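Enquirer: Just dropping this structure here.
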Amino acid sequence: MALATGGALAALAFTGVVAVPAADDWWDSRHDEYGAYATGAAAKSDRASVPRWLPDDAGRIEYAMRTTGGDRALKATLPGPALPSACTPLPATTARPAPALAPSWFPADAPDRATVRCGLYYAYADGDTLYAWQDHRDWVADNTAHAPH
């Protein structure tokens with residue numbers, strides 16, 4: 001009986017070791033949503049949070065968002081070599097926050113490579129692929145500035 005009880009306790013302890021990290025991962029990402037779209041137009045049609053500056057004819061859109069704030073990540077194939085017209089050069093001295101979302105398709109070195117701001121997004125192009133992310137703090141500041149008084 002003691003051996004069976006000890007074995008059951010060991011099994012429960014092992015299950016807890018495995019289940020707790022899995023629960024932590026789920027808990028941390030429960031507000032993260034992802035989408036893939038054929039075009040910028042389809043992405044904007046499906047989600048109001050996709051930036052309006054994304055060209056309608058951009059392709060292969062990957063989009064991640066946190067539903068509890070303004071964190072976003074975006075990958076898109078641009079229709080040509082030019083960045084969207086809403087993108088303006090980012091001064092070299094501007095701090096670039098690390099993206100809070102880290103989908104597998106988003107480069108870890110993105111903050112080091114950002115060269116422009118597209119609306120509230122930090123961004124850069126690697127060939128015809130645009131990588132962009134929005135920081136929650138910028139989103140809060142923008143929404144506070146535009147809130148009715």
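The values are calculated or read from the model by the stated rules, or taken from the named source; none is laboratory data. Bear in mind that the values here come from a model prediction, so they are computed numbers and not experimental data. Cβ sites come from the backbone with ideal geometry, for glycine too, and all protein chains shown count toward neighbours.
Enquirer: Starting from residues that are aromatic (Phe, Trp, Tyr) and touching a residue at least 40 places away in the same chain (Cβ under 8 Å), keep the ones in segment 105-123 and report whichever is surrounded by the most Cβ atoms within 10 Å (Cβ to Cβ).
Expert: Among those residues, the one meeting the criterion is 121.
Enquirer: Does segment 73-85 contain any residue that is within 13 Å of residue 51 (Cβ to Cβ) and surrounded by fewer than 16 Cβ atoms within 10 Å (Cβ to Cβ)?
Expert: Checked segment 73-85: at least one residue is within 13 Å of residue 51 (Cβ to Cβ) and surrounded by fewer than 16 Cβ atoms within 10 Å (Cβ to Cβ).
Enquirer: A follow-up question, please. Quick check on this structure: which one of 82, 141, 147 is of a type in the set (A, V, I, L, M, F, W, C), farther than 25 Å from residue 39 by Cβ and assigned to a loop (DSSP other than H, G, I, E, B)? Before the answer, list the steps.
Expert: Working: 82 fails: farther than 25 Å from residue 39 by Cβ; 141 fails: assigned to a loop (DSSP other than H, G, I, E, B).
Residue meeting the stated conditions: 147.
Enquirer: Which of the residues spanning segment 29-49 are among the aliphatic types (A, V, I, L, M) and in contact with a Phe, Trp or Tyr (Cβ under 6 Å, 6 or more places away or on another chain)?
Expert: In the first step, residues of segment 29-49 are kept if they are among the aliphatic types (A, V, I, L, M); the result is 36, 38, 41-43, 48.
43 - this is the single residue of segment 29-49 that is among the aliphatic types (A, V, I, L, M) and in contact with a Phe, Trp or Tyr (Cβ under 6 Å, 6 or more places away or on another chain).
Enquirer: State yes or no: is residue 126 surrounded by fewer than 19 Cβ atoms within 10 Å (Cβ to Cβ) and in contact with a helix residue (DSSP H, G or I) (Cβ under 9 Å, 6 or more places away or on another chain)? If you could, list the steps in order and put the result at the bottom.
Expert: Details: surrounded by fewer than 19 Cβ atoms within 10 Å (Cβ to Cβ): yes; in contact with a helix residue (DSSP H, G or I) (Cβ under 9 Å, 6 or more places away or on another chain): yes.
Spelling it out, residue 126 is indeed surrounded by fewer than 19 Cβ atoms within 10 Å (Cβ to Cβ) and in contact with a helix residue (DSSP H, G or I) (Cβ under 9 Å, 6 or more places away or on another chain).
Enquirer: Return the pair list, or none, for Cβ contacts closer than 9 Å from residues in segment 58-72 that are free of Cβ contacts under 8 Å to residues at least 12 places away in the same chain and in the same structural domain as residue 99 (by TED's automatic domain parsing) to residues that are crowded, with 20+ Cβ neighbours inside 10 Å and not in a strand (DSSP E or B), at least 6 apart or on different chains.
Expert: none
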